[in-house]
1. Can you tell me which of Glu727, Glu735, Glu731 is at pLDDT 80 or above, of a type in the set (D, E, K, R), within 30 Å of Cys651 (Cα to Cα) and touching a Pro at 6+ places or on another chain (Cβ under 7 Å)?
2. Quick check: is even one residue across region 355-378 aromatic (Phe, Trp, Tyr) and more than 28 Å from Ser513 (Cβ to Cβ)?
3. Restricting to region 273-296, give me the number of residues that are open to solvent by 60 Å² or more (accessible area, probe 1.4 Å) and in contact with a Phe, Trp or Tyr (Cβ under 7 Å, 6 or more places away or on another chain).
4. Residue under question is Gln403, and the condition is that it be of a type in the set (S, T, N, Q) and out of contact with any Ser or Thr (no Cβ under 9 Å at 6 or more places or on another chain); does it hold?
5. Could you please find all residues in region 753-784 being free of Cβ contacts under 8 Å to residues at least 24 places away in the same chain and either surrounded by 18 or more Cβ atoms within 10 Å (Cβ to Cβ) or not polar (S, T, N, Q) (or both)?
6. Which residues, taken from region 98-148, are among the β-branched types (Val, Ile, Thr), touching a His at 6+ places or on another chain (Cβ under 9 Å) and under 24 Å from Arg493 (Cα atoms)?
7. Within region 700-716, work out how many residues are open to solvent by 20 Å² or more (accessible area, probe 1.4 Å), more than 15 Å from Met682 (Cα to Cα) and in contact with a Ser or Thr (Cβ under 8 Å, 6 or more places away or on another chain).
8. When only residues in region 790-840 that are surrounded by 12 or more Cβ atoms within 10 Å (Cβ to Cβ), more than 28 Å from the chain's Cα centre (by Cα) and part of a loop (DSSP other than H, G, I, E, B) count, which is modelled with the lowest pLDDT?
Amino acid sequence: FLHVLRNVVSPTRRERERILTTPSEDTTVPVVTFVQSNETKLTMLRAIQQQRANRGLAALRRRCCATTAASGGYSSTTRTTSSYQQQSSDPPALRKVLVANRGEIACRVIRTCQRLGIPTVALYSVADGPKALHAQMAEEAYLIGHGPTPAESYLLQEDIVRIAQETGAQAIHPGYGFLSENAQFASLIQNNNLAFVGPPTSAIQAMGSKSESKAIMDAADVPTTPGYYETASSDKRAHDEPQDVEILRSRAVEIGFPVLIKAVMGGGGKGMRLVWKESEFLSSLESCQRESKAAFGDDRVLLEKYLVRPRHIEVQIVADIHGNVVSLYERDCSLQRRHQKIIEEAPASDLPHELRQQFGEMGRKAAQAVGYVNAGTVEFLLDTQAESSESPFYFCEMNTRLQVEHPVTEAITGQDLVEWQLRVAAGETLPIQNSEDIPCIGHSFEARIYAEQPTRNFLPATGHVWHHAPPVPKLNTAFSSTSSNTAHQERIRVDTCIQAGHDVSVYYDPMISKLIVHGDDRDRALDTLVRALKNYQIAGVPTNIDFLIQCAQHETFREAGQTNTGFLDDYADDLNLDEENLKKQLAPPLAQAVAAFLSMLYLEQRNGSKLEKSQSTHPWSTQQGSWRMGGDGARSRRTLNLKDGDAPIECISNPDGSFDILVPVDADGDKPTQTFHVDGGMLDESSAEMQVQINQTTTVNLTCVLREDTKGKLILKMWPKNLSPSEYAWEVTLEHPMASETIKAGTKASAGASTGHVHAPMPGKISRVNFGVGDIVSHGDVVVVMEAMKMEHSIKAPMGGVVRSLNHGVGDIVGDDDPLFEIRGAEVEEEEEKQEAQSA
């Protein structure tokens, strides 16, 4: 019946393609149609939609509502390991959905729509382009805006609504981030007779302001964190008048340090500063307000007593327009960096049954207090330092959208939360209307894989992803069950927007993917998480995968209920977050030997030999070694150097295609070398799977990818499969032995440059310059502030001295490694001035 409904209210696929594609002799029907601005085609499309809708849309919708009401709700079926629990065979009464977002959340929404048979419309920016994964997945994809930044694309509200109308979309799903919690956007959608897949405007407004939300929760008897906030009724300032800095400072003193400064309209860890003492308050306030203004268009803040090492517990709620509100258990998101979550789990571990029920009750109570509809999350802080036997918890904030970490709730309940959102937006009742009837099965973890550098204070990274192979057969699907060495099935899911060949851009969040696992209990789920992380392959950008593994294996994290928000501060030494110590660590000798062997195969353009097969004796075979006349005396030798050039690796060829490789034990090459006899090659010329034999005894199966960069380097990433648990990934960078002298000279000159030259750690925009040319700075002074990936990054002076040059001003866009400024030591500056004076 609903299939007929969708055919009536929107053009058929053949009609859309006839209108939206350029005629050609190729009669193949394209799977995805990409359309930029074309008023004539869109006008024709609107005419057909209106014509078809007039023939029976109203009648069919009335019949649809009558059918739904007569069915008396939806019955649950048995949960399987490969799909979500289904409540109804009928899809929601939505003919087409526009997804006003990008990246993995857009892919996530499109996936559910496809399962329900609902056509989708995607948007892509200039930076993402039509080959972005979410654009490829949708039935239709349209260019949005005229530039790469969110303000020039995904934040253009009127353009989004226009495209929805012109393509016949009935509803708009905002995903998370961007406009998902923008009340003005929700109102614009509803005023144009479209369905907003989210809460009412009033709820967004009430919860969008952290100060207003705290006042509402206080009135509803939901406990809130002690602090200071201004509400609309208490704030007598003019609209554009800044908050009184002295009042905020005095209130902070009254609350007592440490104090947390939070942007009133903030979220996602942005616009938040922790202040430990009064002397740091003003500078932290200014930085917080500046970041908040840039990210949210509002620089108002509130103050909260900073709870030392609390647990971050949040409750997933969903409500419908018929008055039903349910909670789908809670999630523990205590493992964070810079107030942003890293690993989440559901349900929260080691909670007494009574406390778990209180969390659910307070979550539902908070939703009812604002007349909430659709999916949302109520976040609480559980005070782990409380002296009373009953640990108190406090309302933190309410996110009026789907959360990044929603998959762990889906994993333990078997429910598809995006489907629930769509059904609620279509006016249906909740599939399950009593929280007690929602199952909680097993345990689930989600790890957020970011392009970032944990040893550099989690500095975001950009780059070209040239290899990406997550540990699942298919991406952006429901859970995949895989076999393991254990007795139970491992259930793994990967939500991502990145494929090999894609770029991680400076314009958007650096999250690459979400790795979600599910197990029968917490220990088994955690073991699955560690194995899946070790099998996650990516090359081209630095990631936090090693850091995530260290966190997941840490004895404190493995103990239920013992992780709090201070985990990284307490165990930084255990997690190898010191960049200097990491730089001193070389890849193990075996990894260097294998990398040298594979590099020699690459340089000689050979595939190597298959160990189980006899090798060709033909001297020009791609399997045979470096054949030469003269026997052993004519064996070829080549020296390869690690990227720093201090550890030479000697490679000596053998006629059978193998190599004897001499690897120095330490970086200086002073100690004796270790010799490896290495043989093997590619298992399949069409893949990166290889097999090597070490010293004619140990066989290693591994995946290997190699890339030659423009700076004279050979970069090898290897994932061995049958070694010790600690040997799960190797990365070795070698100097290209045949790189041009120009490249080598340039690299050496760069390496030897003065430490006073400071370059941009990533692409971004200059938001503030604190010093001018000629000013004197001290070591650690913040000279320049950059905005990149939605965050502020302070660029500090590496030494004390005089600012000799400034290469950029406020508002300038800089690229990765662009020169920013130069600091000269005071004595050097004085000496140069004397020389100039003498020459004059």
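1. After ruling out the rest, the residue left standing is Glu727.
2. Yes, region 355-378 contains at least one residue that is aromatic (Phe, Trp, Tyr) and more than 28 Å from Ser513 (Cβ to Cβ).
3. 3
4. So Gln403 fails the test.
5. Result: Ala753, His779, Gly780, Asp781, Val782.
6. Val99, Ile105, Val109, Ile110, Thr120
7. Selection size over region 700-716: 3.
8. Per the criteria, the residue is Gly825.
The values are calculated or read from the model by the stated rules, or taken from the named source; none is laboratory data. As the structure is a prediction and not an experimental result, all values here were calculated from the model. Positions of Cβ are generated from backbone atoms using ideal geometry, with glycine treated the same way; all protein chains shown enter the neighbour counts. Just so you know, the surface numbers come from the protein's heavy atoms only, side chains and all, with ligands and any DNA or RNA stripped out. Shrake-Rupley method; radii C 1.70, N 1.55, O 1.52, S 1.80 Å.
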